[in-house]
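Written out below as structure tokens is the structure these notes cover.
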Amino acid sequence: MNASGNKKNKVRSLIRYQWMVRHLPFFLFLAFLAVIYIYNGHYADRVVRDIGKTGRELQELQYEFKSLKSEVMFRSKQSELAKAVEPFGLKPLSSPPLVLSDSLIK
């Protein structure tokens, strides 16, 4: 009985081995899918971090744009321009400018 039991175990192990060999491509396919799944998770994390970083940079640039725009608006006021060009000896006009017409030029 022991010899027949040993024979059955060999047959069972052979059947299991043949089954494993026959299904090896499917197992490799599953392993490939697992690797793709893990890579996709890491890639998604990296993309989310990049999006957050870009959003923060965009917000900083918007703040800088707004501050520079307000500074330009302040410096382009007539009173500020007059103060800026005063060291050069330029003064604002007290009378309106003269309009030259075509008849005066000829």
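For the condition surrounded by 10 or more Cβ atoms within 10 Å (Cβ to Cβ) and free of Cβ contacts under 8 Å to residues at least 24 places away in the same chain, residue 52 qualifies.
Of all residues in segment 71-106, which are in a loop (DSSP other than H, G, I, E, B) and not hydroxyl-bearing (Ser, Thr, Tyr)? Let's see the steps before the verdict.
Going residue by residue through segment 71-106, those that are in a loop (DSSP other than H, G, I, E, B) are 76-77, 89-101, 106.
Of everything in segment 71-106, those that are in a loop (DSSP other than H, G, I, E, B) and not hydroxyl-bearing (Ser, Thr, Tyr) turn out to be 77, 89, 90, 91, 92, 93, 96, 97, 98, 99, 100, 106.
Every listed requirement among (1) surrounded by 10 or more Cβ atoms within 10 Å (Cβ to Cβ); (2) at pLDDT 90 or above; (3) among the aliphatic types (A, V, I, L, M) is met by residue 81 save one, (2).
Limited to segment 15-29, what total is found for residues that are surrounded by 10 or more Cβ atoms within 10 Å (Cβ to Cβ) and either in a helix (DSSP H, G or I) or among the basic types (Lys, Arg) (or both)?
Within segment 15-29, the first condition is being surrounded by 10 or more Cβ atoms within 10 Å (Cβ to Cβ), and the residues that meet it are 15-20, 23-24, 27-29.
Pick out the ones that are also either in a helix (DSSP H, G or I) or among the basic types (Lys, Arg) (or both) and you get 15-20, 24, 27-29.
Here the count works out to 10.
For segment 50-70, the criterion of being part of a helix (DSSP H, G or I) and in contact with a Lys or Arg (Cβ under 8 Å, 6 or more places away or on another chain) is met by none of the residues.
The values are calculated or read from the model by the stated rules, or taken from the named source; none is laboratory data. Worth saying up front: this structure is predicted, and the values here are computed from it rather than measured. When we count neighbours, we look across all protein chains shown, and the Cβ atoms used for this are built from the backbone with ideal geometry, even at glycine.
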